[in-house]
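*Asks:* Quick one: this structure, given as structure tokens, is what I'll be asking you about.
The values are calculated or read from the model by the stated rules, or taken from the named source; none is laboratory data. Treat the numbers as computed from the prediction; the structure is a model and nothing was measured. Neighbour counts run over all protein chains shown; Cβ positions are idealised from the backbone, glycine included. Note: areas computed on protein heavy atoms with side chains; ligands, DNA, RNA excluded. Shrake-Rupley method; radii C 1.70, N 1.55, O 1.52, S 1.80 Å.
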Amino acid sequence: MTTQVVSANRLDNGRVVYLAPSGQWIGALSEAEVAHDATAAESLLHRAATAIIDRLIVGPYLISVTAATGRPQAERLREQIRATGPTVAPAHHDRAA
Amino acid sequence: MVAIYHYDDADRTLVRERVAQFRDQVDRRLSGALTEEEFRPLRLMNGLYLQLHAYMLRVAIPYGTVSADQMRVLAAIARRYDRDYGHFTTRQNIQFNWIKLEETPDLLHDLAQVDMHAIQTSGNVIRNVTADHYAGAAADELDDSRIYAEIIRQWSTLHPEFSFLPRKFKIAVTASATDRAALKVHDIGVRLHERDGAPGFEVMVGGGQGRTPMIAKTIRDFLPEHDLLSYLEAILRVYNRQGRRDNKYKARIKILVHDLGAAAFAAKVEAEWAEIKDGPLGLPEAEVARIRHHFQPPAFRDLDAPNSLHVAKARIDPAFARWLRINTHAHKQPGYAIVDVSLKPVGGIPGDATADQMDALADIAAQYSFDEIRVTHTQNLVLPHVEEGALHAVWQALGRHGLATPNVGLASDIISCPGMDYCSLATARSIPIAQAISTRLADLDAQEDLGVLGIKISGCINACGHHHVGHIGILGLEKNGQEYYQLTLGGDPGADASLGEVIGKSFSAGGIVDAVEKITVAYRALRTPGEAFIDAYRRLGPAPFKETLYAAA
Ligand code: HEM
Ligand code: SF4
């Protein structure tokens, strides 16, 4: 059993969000609530199902994280990119930045 | 008047009603009256996907023709609803990456003001019809392929019988001997040619990319103009009835054509066609003339004594001379040229354009190209009708906005899908690989020496980046959480189309850039004078390239 958080996209603007301990859906993966076992993960999904009914989010799913520092970080590249945005800067942005 | 199809009232009403309908659907979704399961197909019918970071909107650009005014609206949309940029795709469309659902009805309303929309850019329908991006301009064309693309667009738009096909369906049209639209990797490719002075079509069926790439088979050499729509209808009917609906991966027409064999498939089409060929789908000459009227050539000036200002300027400015050599193309009207606008700056993101660049292009098109811009399937843009005397000014104006990279058709003119940086289906990133390769191969003299070389990259087996038909194709995959890249050689999208062959074991992200460079080195050593990469590969086969890549490893 890996440590997990639940992620989704906001219904209204599509942005990537994570469920925080406060019950809010937030943009920062590092602040997300971490489930350390299957029961906790189940509970995250349960609360996500409520958020679907409340029209806050779409498509919730669990992602594996490492939480060695206490702050969750995505394991898979795909989720790292969802958490921090594209790894490539669009043309008008300073590429060095 | 711009040579572009002008909407009549019926088209306009349809698009506006669709916006109003979608606004209502979005309201009902946001208020909870519709569930996501109910809403998803509705939003996809309007080109709205949910991607990695946000909603993504795909806007149709029929046969890649955009007016200056439309381009300005695309720029305004990029500013108002997105993050100041858009991505031009291999399907001659544009995608916006950071769209909010709640703002989409307003965005679609803005688009409709210039007769644009996102209808049939998604779903199992006949998608945006693509055509030769030099249509109406190329010296080597027989006719303007957009006339037939538009006829097909009108027939296929909201076609009641074909709104639930087994799978998506892509049609491309050309009207010249040079295939600039990758006909043979489309569900249907239609090529206009002439027999005894009369126009007719070669019809190719069952090409495609994705996980099972195939080259289309010609099932009719010469179809009279009059029969175009009835014959297409017959093909679609056979596919609609017999295409596999049980398995999404076997649902494209290419699988049906392959399983039945081209001859048996053609026989079924002919049988179906026999029933309907004399029916209402016949294409009267008057109707073709009516559509043709929308694609009148612009008011070219009579330039019998060509203005050779550009020739003189090229003599003293080698950078301009290079751009002329590489980024301009012969026009059918004396004294005019076609200008390729590269969206592939070294180290840049293939196909991306900023709002400022779009506005600049609109201005340049308004001043120098009769208001017209084209989108190419290679993710570049085109100014189709530029007076030769204005080429130097156009080059300078493009250069000021980073749009004059002289690399069209060369190694750094890379096709790349969005890959894992944006796409939820991706198995690996593709843009950073494109950036690293174009940076590695940046030297312009060396690129010119390499000649025509198509490097094409996809971030998963769906092959949106056309890697199967890349001279050098790259497919991004994932194993144990690591990105790795499979290399194919010998693909080609042209009239003599071929699919690339996997050359050996895959490479890491760093390794693939080295591998591409090694292939270019090997090709230089092995070619005969003047021999293009693809010809050298076809002559030599994979062996010498394998040796360079894997020897002593
Ligand atoms: C945003 C996300 C995208 C999604 C979800 C997506 C999805 C897909 C899928 C599932 C296929 C395979 C279809 C099949 O084999 O039946 C496909 C093929 C293709 N897509 Fe995309 N695509 C996306 C973006 C793009 C972009 C940006 C381009 C243009 C650069 C593009 C152009 C194509 C082309 C040319 C093909 C192959 C032709 C064919 O249909 O056989 N797609 N896409
Ligand atoms: S090839 Fe794959 S990764 Fe690339 S855009 Fe298509 S679906 Fe996405």
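*Asks:* Quick test for you: out of B:V205, B:V125, pick the one residue that is at pLDDT 95 or above and either in contact with a strand residue (DSSP E or B) (Cβ under 8 Å, 6 or more places away or on another chain) or among the polar types (S, T, N, Q) (or both).
*Replies:* None of the others qualify; the one that does is B:V205.
*Asks:* Separate question: Taking the options B:R237, B:R241, B:R292, name whichever one is open to solvent by 30 Å² or more (accessible area, probe 1.4 Å), closer than 28 Å to B:T212 by Cα and under 26 Å from the mean Cα position of the chain (by Cα).
*Replies:* Answer to the selection: B:R237.
*Asks:* Evaluate the following for B:A337: is it open to solvent by 10 Å² or more (accessible area, probe 1.4 Å), under 19 Å from B:Q296 (Cα atoms) and at pLDDT 95 or above?
*Replies:* no
*Asks:* Let me ask you something else. Identify, by number, the condition in (1) charged (D, E, K, R); (2) in contact with a helix residue (DSSP H, G or I) (Cβ under 6 Å, 6 or more places away or on another chain); (3) closer than 22 Å to B:V173 by Cβ that B:R29 doesn't meet.
*Replies:* Exception for B:R29: condition (3).
*Asks:* Can you give me the number of residues within the range B:464-488 that are touching a residue at least 24 places away in the same chain (Cβ under 8 Å) and more than 13 Å from B:I512 (Cα to Cα)?
*Replies:* Count: 10.
*Asks:* Sticking with this structure for a sec: Might you check whether a residue that is within 14 Å of another protein chain (Cβ to nearest Cβ), hydroxyl-bearing (S, T, Y), part of a loop (DSSP other than H, G, I, E, B) and under 28 Å from B:I534 (Cβ atoms) occurs anywhere in the range B:430-437?
*Replies:* Scanning the range B:430-437, I find at least one residue that is within 14 Å of another protein chain (Cβ to nearest Cβ), hydroxyl-bearing (S, T, Y), part of a loop (DSSP other than H, G, I, E, B) and under 28 Å from B:I534 (Cβ atoms), so the answer is yes.
*Asks:* Scanning the range B:187-214 for residues that are surrounded by fewer than 23 Cβ atoms within 10 Å (Cβ to Cβ) and within 16 Å of ligand 1 (Cβ to nearest atom), which turns out nearest to the chain's Cα centre (by Cα)?
*Replies:* Per the criteria, the residue is B:G210.
*Asks:* Among the residues of the range B:100-117, write down those that are more than 14 Å from chain A (Cβ to nearest Cβ) and among the acidic types (D, E).
*Replies:* Hits for the range B:100-117 are B:D110, B:D115.
*Asks:* Give the range A:28-58 a look and list any residue that's within 14 Å of chain B (Cβ to nearest Cβ) and either surrounded by 15 or more Cβ atoms within 10 Å (Cβ to Cβ) or assigned to a strand (DSSP E or B) (or both), or say none.
*Replies:* A:L29, A:A48, A:A51, A:I52, A:R55, A:L56, A:I57, A:V58 - these are the residues of the range A:28-58 that are within 14 Å of chain B (Cβ to nearest Cβ) and either surrounded by 15 or more Cβ atoms within 10 Å (Cβ to Cβ) or assigned to a strand (DSSP E or B) (or both).
*Asks:* So, in the range A:7-27, of the ones that are buried (at least 20 other Cβ atoms within 10 Å of the Cβ) and more than 14 Å from every other protein chain (Cβ to nearest Cβ), which residue ends up farthest from A:P72 (Cα to Cα)?
*Replies:* Step by step, filter the range A:7-27, then rank; the result is A:W25.
*Asks:* Another question, if that's okay. Are any of the residues in the range B:455-467 more than 11 Å from ligand 2 (Cβ to nearest atom) and assigned by TED's automatic domain parsing to the domain that holds B:V502?
*Replies:* yes
*Asks:* Residue by residue through the range B:15-26, note down the ones that are open to solvent by 60 Å² or more (accessible area, probe 1.4 Å) and in contact (Cβ under 8 Å) with a residue 24 or more places away in the chain.
*Replies:* Of everything in the range B:15-26, those that are open to solvent by 60 Å² or more (accessible area, probe 1.4 Å) and in contact (Cβ under 8 Å) with a residue 24 or more places away in the chain turn out to be B:R16, B:R23.
*Asks:* Looking only at the range B:43-60, decide whether some residue is among the aliphatic types (A, V, I, L, M), within 16 Å of ligand 2 (Cβ to nearest atom), open to solvent by 10 Å² or more (accessible area, probe 1.4 Å) and more than 11 Å from every other protein chain (Cβ to nearest Cβ).
*Replies:* Yes, there is a match, as at least one residue in the range B:43-60 is among the aliphatic types (A, V, I, L, M), within 16 Å of ligand 2 (Cβ to nearest atom), open to solvent by 10 Å² or more (accessible area, probe 1.4 Å) and more than 11 Å from every other protein chain (Cβ to nearest Cβ).
*Asks:* Ok, one more. Only one residue in B:A131, B:A149 is in the same structural domain as B:E202 (by TED's automatic domain parsing), open to solvent by less than 20 Å² (accessible area, probe 1.4 Å) and either within 16 Å of ligand 1 (Cβ to nearest atom) or under 18 Å from B:Y231 (Cα atoms) (or both). Which one?
*Replies:* B:A149
*Asks:* Something else about it: Looking at the structure I just gave you, is B:V469 more than 16 Å from ligand 1 (Cβ to nearest atom), modelled with pLDDT of 95 or more and closer than 21 Å to B:G64 by Cβ?
*Replies:* So B:V469 does not fit the description; no.
*Asks:* Could I ask something else about it? Please determine whether any residue of the range B:482-501 is over 23 Å from B:T90 (Cα atoms), more than 14 Å from every other protein chain (Cβ to nearest Cβ) and outside any helix (DSSP H, G or I).
*Replies:* No - not one qualifying residue is present in the range B:482-501.
*Asks:* Among (1) within 16 Å of ligand 2 (Cβ to nearest atom); (2) assigned by TED's automatic domain parsing to the domain that holds B:P41; (3) open to solvent by less than 10 Å² (accessible area, probe 1.4 Å), which single condition is B:I99 missing?
*Replies:* (1)
*Asks:* Could you pull out the residue among B:L165, B:L158, B:L183 that is open to solvent by less than 10 Å² (accessible area, probe 1.4 Å), over 17 Å from B:Q209 (Cα atoms) and not assigned by TED's automatic domain parsing to the domain that holds B:N380?
*Replies:* Residue meeting the stated conditions: B:L165.
*Asks:* Hey, could you check the range B:402-429 for residues that are among the hydroxyl-bearing types (S, T, Y) and crowded, with 24+ Cβ neighbours inside 10 Å and say which is nearest to the other protein chains (Cβ to nearest Cβ)?
*Replies:* The selected residue is B:Y422.
*Asks:* State the number of residues belonging to the range B:438-458 that are closer than 13 Å to B:I349 by Cβ and either assigned to a loop (DSSP other than H, G, I, E, B) or within 16 Å of ligand 1 (Cβ to nearest atom) (or both).
*Replies:* Adding up the residues that qualify gives 1.
*Asks:* For the range B:514-522, check the following and say yes or no: at least one residue is away from chain A (no Cβ under 14 Å), closer than 17 Å to B:T90 by Cα and more than 16 Å from ligand 1 (Cβ to nearest atom).
*Replies:* The answer is no, given that none of the residues of the range B:514-522 is away from chain A (no Cβ under 14 Å), closer than 17 Å to B:T90 by Cα and more than 16 Å from ligand 1 (Cβ to nearest atom).
*Asks:* May I pose another question? When the range A:62-76 is examined, which residues are found to be hydroxyl-bearing (S, T, Y) and open to solvent by 70 Å² or more (accessible area, probe 1.4 Å)?
*Replies:* A:T69
*Asks:* Also, I was wondering about something else. Looking at B:R539, B:R527, which one is away from chain A (no Cβ under 14 Å) and crowded, with 17+ Cβ neighbours inside 10 Å?
*Replies:* B:R527
*Asks:* Right, something else. Restricting to the range B:64-99, name every residue that is away from chain A (no Cβ under 11 Å) and within 15 Å of ligand 1 (Cβ to nearest atom).
*Replies:* B:G64, B:F88, B:T89, B:T90, B:R91, B:Q92, B:N93, B:I94, B:Q95, B:F96
*Asks:* Within the range A:81-90, does at least one residue satisfy the condition of being within 11 Å of chain B (Cβ to nearest Cβ), over 19 Å from B:W98 (Cα atoms) and at pLDDT 95 or above?
*Replies:* Within the range A:81-90, not a single residue is within 11 Å of chain B (Cβ to nearest Cβ), over 19 Å from B:W98 (Cα atoms) and at pLDDT 95 or above.
*Asks:* Here is a further query. Return the residues of the range B:326-379 that are within 14 Å of another protein chain (Cβ to nearest Cβ), of a type in the set (S, T, N, Q) and in contact with a Phe, Trp or Tyr (Cβ under 9 Å, 6 or more places away or on another chain); say none if nothing qualifies.
*Replies:* Selection gives B:T354, B:Q357, B:Q379.
*Asks:* Now a separate question. Can you find a residue in the range B:99-111 that is more than 17 Å from the chain's Cα centre (by Cα), closer than 17 Å to B:R18 by Cα and not in a helix (DSSP H, G or I)?
*Replies:* So far as the range B:99-111 goes, no, none of its residues is more than 17 Å from the chain's Cα centre (by Cα), closer than 17 Å to B:R18 by Cα and not in a helix (DSSP H, G or I).
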